[in-house]
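Okay, so here's the structure we're looking at.
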Amino acid sequence: MTASPSTNPIADRVTAVAAELPPSVRLIGVAKKHPASAIRAAYQAGLRDFGESMVQEAIAKQAELTDLDGLTWHLIGHLQSNKARKALEHFDWIHSVDSLKIATRLDTIAAAMARSPSCCLQVKMVPDPAKFGFALEDLWAALPQLNQLEHLKIVGLMTIPPLESSMAEVQAIFQQAQMLAEQINQQGFDRLHLSELSMGMSGDYPVAIAAGSTMIRLGTTLFGDRPA
Ligand SMILES: *Cc1c(COP(=O)(O)O)cnc(C)c1O
């Protein structure tokens, strides 16, 4: 008997990637620029975690997926202050807390909404003017104030290596992020327990997992090339 061709290649790719992951790693499907039907296809293979870069795009897709139970939404792109409320309404996780200012704003609004989102601090392990994220020295300086934000669950770090990095540099960046989380944990801040590492995309996720990633954010590998 010959195998019949799959009618759901996205589900097949989700199944194949998920089968290879250690149980400690959460797979987040990034269907940005793809339609809601792509998320529906991945859902059929059991995926429940989805990441979006843009608040408005996520809201539009969520409106088409209200029949799906148990979805967890992750904001992975830079958040502008004026979208903070919408982000809290529509996401369970915010991986891209990239300044003390946005963290403080999220905390204030989360308090008013009686929400407590899980958050990662996005950090630039090497200077990268093209990217959002805390510079290392700014992150260290902000820790005492971040520790005061009672309505955010700050549970990890997120990092994205600069585009032009070699694989050796990418590996070093992920290992340094893992060590940074440990160093921060050793400071004894009562509210900062960084057990999550959001790192790894389609081009580098095996390296990220080897360095201790707990959340990989995969777009192209699962959903194919993004429409321009
Ligand atoms: C687009 C995006 C991804 C997914 O990228 P791929 O290379 O397609 O896997 C992951 N993380 C962030 C922050 C993104 O913006």
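Throughout, read-outs are computed from the coordinates displayed, never taken from laboratory work. What you see is a predicted model, and the numbers here were worked out from it, not measured in a lab. Positions of Cβ are backbone-derived with ideal geometry, glycine not excepted, and every protein chain shown enters the neighbour counts.
With a Cα cut-off of under 20 Å and a minimum spacing of 8 residues unless on different chains, the lysine pairs in region 63-169 number 8.
Proximity of backbone amide H atoms, modeled 1.01 Å from N, is registered between MET199 and THR214, MET215 at under 5 Å, excluding neighbours fewer than 5 places apart on the same chain. Working from Cα pairs under 8 Å separated by at least six residues, relative contact order for region 70-228 is 17 percent. The largest-to-smallest principal axis extents of the Cα set in region 1-127 are 61, 35, 24 Å. Global dimensions of region 1-60 from alpha-carbon coordinates: Rg and Dmax equal 13.1, 47 Å. Remark: spin-label model distance HIS193-ALA19 equals 3.6 nm, labels positioned 7 Å along the Cα→Cβ axis. Given the convex hull over the Cα atoms of region 96-167, what projected area results after averaging over all orientations, in nm²? Mean projected area for region 96-167: 5.0 nm², to one decimal.
Please label the shape of region 121-228 as rounded, prolate or oblate, based on the square roots a ≥ b ≥ c of the eigenvalues of the alpha-carbon gyration tensor (a/c under 1.5 means rounded; beyond that, a/b larger than b/c means prolate, else oblate). Prolate shape, in that a/c is at least 1.5 and a/b is the bigger ratio. Here the Karplus relation 6.51 cos²θ - 1.76 cosθ + 1.60, evaluated at θ = phi - 60°, turns the backbone of region 177-194 into coupling constants of 5, 4, 5, 4, 4, 4, 4, 5, 4, 6, 6, x, 5, 6, 9, 10, 10, 8 Hz, with x for every Gly and Pro. How tilted is helix 136-146 with respect to the longest principal axis of the chain? Cα atoms for both, answer in degrees (0 to 90, nearest 10). The answer is roughly 80 degrees. 3J(HN,Hα) along region 159-171, derived from phi through the Karplus expression 6.51 cos²θ - 1.76 cosθ + 1.60 where θ = phi - 60°, amounts to 9, 10, x, x, 3, 8, 5, 6, 4, 5, 5, 4, 4 Hz, with x in place of Gly and Pro. Dividing the Cα radius of gyration by the Kirkwood radius, what Rg/Rh value follows for the chain? Taking Rh as the inverse mean 1/r over Cα pairs, Rg/Rh reads 0.97.
Working from label points 7 Å from Cα in the Cα-to-Cβ sense, the ALA60 to THR72 distance is 2.7 nm.
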